[in-house]
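Q: Mind looking over this structure? Questions follow.
The values are calculated or read from the model by the stated rules, or taken from the named source; none is laboratory data. Model, not experiment: these values are computed from the prediction. Every residue, glycine among them, receives a Cβ derived from its backbone with ideal geometry; neighbour counts consider all protein chains shown.
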Amino acid sequence: MVCDAQDEGDLVRASLLNMTTIAAIATPAGRGGLGVIRISGPDAHVISQHLCGRQQPWPLRKAQFTRFLDTEGKTIDEGLVLYFKAPRSYTGEDVVELQAHGSPVLLNALLQRVLVLGAKLASPGEFTRRAVKNGKMNLEQAEAIAACIDAVTLRAARQAERHLQGEFGQQISFLMDKVTGLLAHVEACLDFPEEDVPPLLFDQLREQMNRDVLEPIENSLATAMFGERLFQGVTAAIVGAPNVGKSSLLNRLSGRERAIVSDVPGTTRDTLEVDFEVQGIPVRLVDTAGMRNSGDAIEQEGVRRARDAASMADVTIFVADVSQKKTWKAEGQTDIMVMNKCDLLEDCSTISNEFIPVSAHHGVGMNVLLEQLAQHLDVVPAGEEDILVTRERHRQLLVQARMHVLQGCSLLGEAAQLDLVALEWRQGWSALGEILGIGDVEHILDRIFSEFCIGK
Ligand SMILES: Nc1nc2c(ncn2[C@@H]2O[C@H](COP(=O)(O)OP(=O)(O)OP(=O)(O)O)[C@@H](O)[C@H]2O)c(=O)[nH]1
Ligand SMILES: [Mg+2]
């Protein structure tokens with residue numbers, strides 16, 4: 001790379017420490033008002049100086065208007081440079097952000113120039129990975145950043161933001177402290193002969209472990225179903241006989257005329273999906289072909305797909321037509337039963353109460369249906385939710401921690417086993433620590449950060 005003697009010293013030091021400088025376009029692909037390139041590492045500052053033909057250092061944390069130049073000194077684009085000096089930056093390293101125009105060709109030309117000047121193209125999540133390595137955030141907060149970006153509902157984004165603020169991490173640290181405290185008692189006992197340990201102590205330790213560690217873990221785990229659904233979403237398949245109004249219901253629920261509706265039975269052939277949300281949970285609604293035996297090969301395939309969709313869905317909504325008694329019997333187990341076309345009845349009270357009476361045409365009964373769907377998905381009313389377990393990784397580690405702590409508790413009291421108790425509790429502590437990235441977590445980092453977008 002091009003640099004003067006003083007910079008070279010920095011470079012040698014950086015390469016000795018194996019600290020590369022990375023760069024990437026941080027804004028999404030496509031055209032936009034602005035496009036941002038992020039550079040992080042020991043050469044970030046000097047690279048940006050060369051890029052802009054600037055001799056003096058950039059001011060700290062202050063936007064500076066500049067031109068971005070190509071090899072021949074011609075302007076590629078103009079925009080702002082923002083310089084964050086280590087360690088007060090996102091990654092904890094020197095970071096320079098270039099704000100250019102949001103044109104894919106210009107941004108690519110700029111990025112190429114930055115790479116020629118010595119930066120390496122960042123891999124997905126590499127900026128955040130460095131932030132974790134440099135102690136700017138723990139692993140759980142890094143995951144929360146990805147979750148914030150990936151959230152598809154506002155409620156999910158808010159929950160991710162709370163994780164990012166460290167609320168969940170604090171709970172976990174608190175549990176770890178409790179385990180450490182109780183572990184210290186057990187370890188102290190190891191140094192005394194059995195008969196000197198008051199037997200009551202074990203009961204007390206067990207009680208405290210229950211109250212301060214196991215119960216909170218249990219409470220956390222109880223939130224995992226909703227928490228994970230908030231981010232991963234669920235699928236709900238609408239099934240039933242032909243012509244009962246499945247497609248009409250899909251259109252009504254999603255608020256879009258997405259599926260073709262007609263009075264010809266067998267209108268929907270292929271499955272059709274629409275995304276909407278139920279109290280913050282992303283729901284993929286799947287319209288299916290009406291179930292019936294048909295000589296038509298295409299329709300038969302549609303029915304096969306309908307059955308597949310129903311078996312794979314998290315929730316099945318069975319639709320019947322109040323005017324067609326033969327449509328009232330569901331094929332197999334369904335979660336929610338809906339009686340459609342209630343507008344054709346004078347009096348809906350005659351409908352069996354296993355069905356929710358609705359009219360897809362007139363939008364009647366939709367609130368009740370949505371309420372049932374929410375209940376089925378274990379939705380916690382908005383405004384009442386605590387910090388949730390939102391990732392399978394965290395849930396599994398909590399389960400592991402609980403298992404070790406319990407195992408330890410069951411061995412308490414048999415003085416000869418005290419070292420095993422200590423071992424189990426230490427393993428419980430480690431499982432909790434792994435949530436935050438404490439301990440030997442190198443093996444999981446690649447998988448976690450590969451799910452990030454480039455530039456983050
Ligand atoms: N009166 C009344 N008619 C309805 C209602 N919902 C749907 N329909 C009518 O019922 C017929 C079938 O509606 P669709 O939504 O296409 O029914 P479907 O279950 O998707 O039918 P297939 O795709 O053929 O299986 C159409 O003529 C609709 O206009 C309703 O709430 N009230
Ligand atoms: Mg249909």
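Q: Test each condition in (1) under 29 Å from the mean Cα position of the chain (by Cα); (2) within 13 Å of ligand 1 (Cβ to nearest atom); (3) surrounded by fewer than 20 Cβ atoms within 10 Å (Cβ to Cβ) for GLU257 and report the one that comes out false.
A: (1)
Q: Follow-up. Looking at (1) surrounded by fewer than 20 Cβ atoms within 10 Å (Cβ to Cβ); (2) within 16 Å of ligand 2 (Cβ to nearest atom), which is the one condition that is false for HIS362?
A: Failed condition: (2).
Q: Residues that are under 22 Å from ALA431 (Cα atoms): which helices (runs of 4 or more DSSP H) entirely in the range 97-151 hold 3 or more of them? Steps first, answer last, please.
A: On the way: elements: 104-116, 126-133, 139-150.
Per the criteria, 126-133, 139-150.
Q: Given LEU345, LEU373, LEU377, which one is away from ligand 2 (no atom under 16 Å from the Cβ), more than 30 Å from SER220 (Cα to Cα), among the aliphatic types (A, V, I, L, M) and touching a residue at least 12 places away in the same chain (Cβ under 8 Å)?
A: So the residue among LEU345, LEU373, LEU377 that is away from ligand 2 (no atom under 16 Å from the Cβ), more than 30 Å from SER220 (Cα to Cα), among the aliphatic types (A, V, I, L, M) and touching a residue at least 12 places away in the same chain (Cβ under 8 Å) is LEU345.
Q: Can you find a residue that is surrounded by fewer than 22 Cβ atoms within 10 Å (Cβ to Cβ), of a type outside the set (S, T, N, Q) and more than 35 Å from the chain's Cα centre (by Cα) anywhere in the range 226-247?
A: Checking the range 226-247: at least one residue is surrounded by fewer than 22 Cβ atoms within 10 Å (Cβ to Cβ), of a type outside the set (S, T, N, Q) and more than 35 Å from the chain's Cα centre (by Cα).
Q: Answer yes if at least one residue in the range 227-236 is farther than 16 Å from ALA401 by Cα, within 16 Å of ligand 2 (Cβ to nearest atom) and not in a helix (DSSP H, G or I), and no otherwise.
A: Yes, there is a match, as at least one residue in the range 227-236 is farther than 16 Å from ALA401 by Cα, within 16 Å of ligand 2 (Cβ to nearest atom) and not in a helix (DSSP H, G or I).
Here is a yes/no grid of residues against (1) closer than 23 Å to THR390 by Cβ; (2) in contact with a Gly (Cβ under 7 Å, 6 or more places away or on another chain):
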| site | (1), (2) |
| --- | --- |
| GLY169 | yes, no |
| ILE172 | yes, no |
| VAL179 | yes, yes |
| ASP191 | no, no |
| PRO199 | no, no |
| GLN204 | no, no |
| GLN208 | no, no |
| ARG211 | no, no |
| GLU215 | yes, no |
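The rows are residues; the columns are (1) part of a strand (DSSP E or B); (2) among the hydroxyl-bearing types (Ser, Thr, Tyr); (3) at pLDDT 95 or above.
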| residue | (1), (2), (3) |
| --- | --- |
| GLY332 | no, no, no |
| SER349 | no, yes, no |
| ASN367 | no, no, yes |
| ARG395 | no, no, yes |
| GLN400 | no, no, yes |
| SER410 | no, yes, no |
| ASP419 | no, no, no |
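Q: Further, regarding this structure: Would you tally the residues in the range 232-254 being closer than 29 Å to VAL152 by Cα, in contact with a Ser or Thr (Cβ under 6 Å, 6 or more places away or on another chain) and within 9 Å of ligand 1 (Cβ to nearest atom)?
A: The total comes to 1.
Q: Where residues in the range 260-293 are free of Cβ contacts under 8 Å to residues at least 40 places away in the same chain, of a type in the set (Val, Ile, Thr) and not in a strand (DSSP E or B), which of them is farthest from ligand 1 (Cβ to nearest atom)?
A: Residue satisfying both the conditions and the ranking: THR271.
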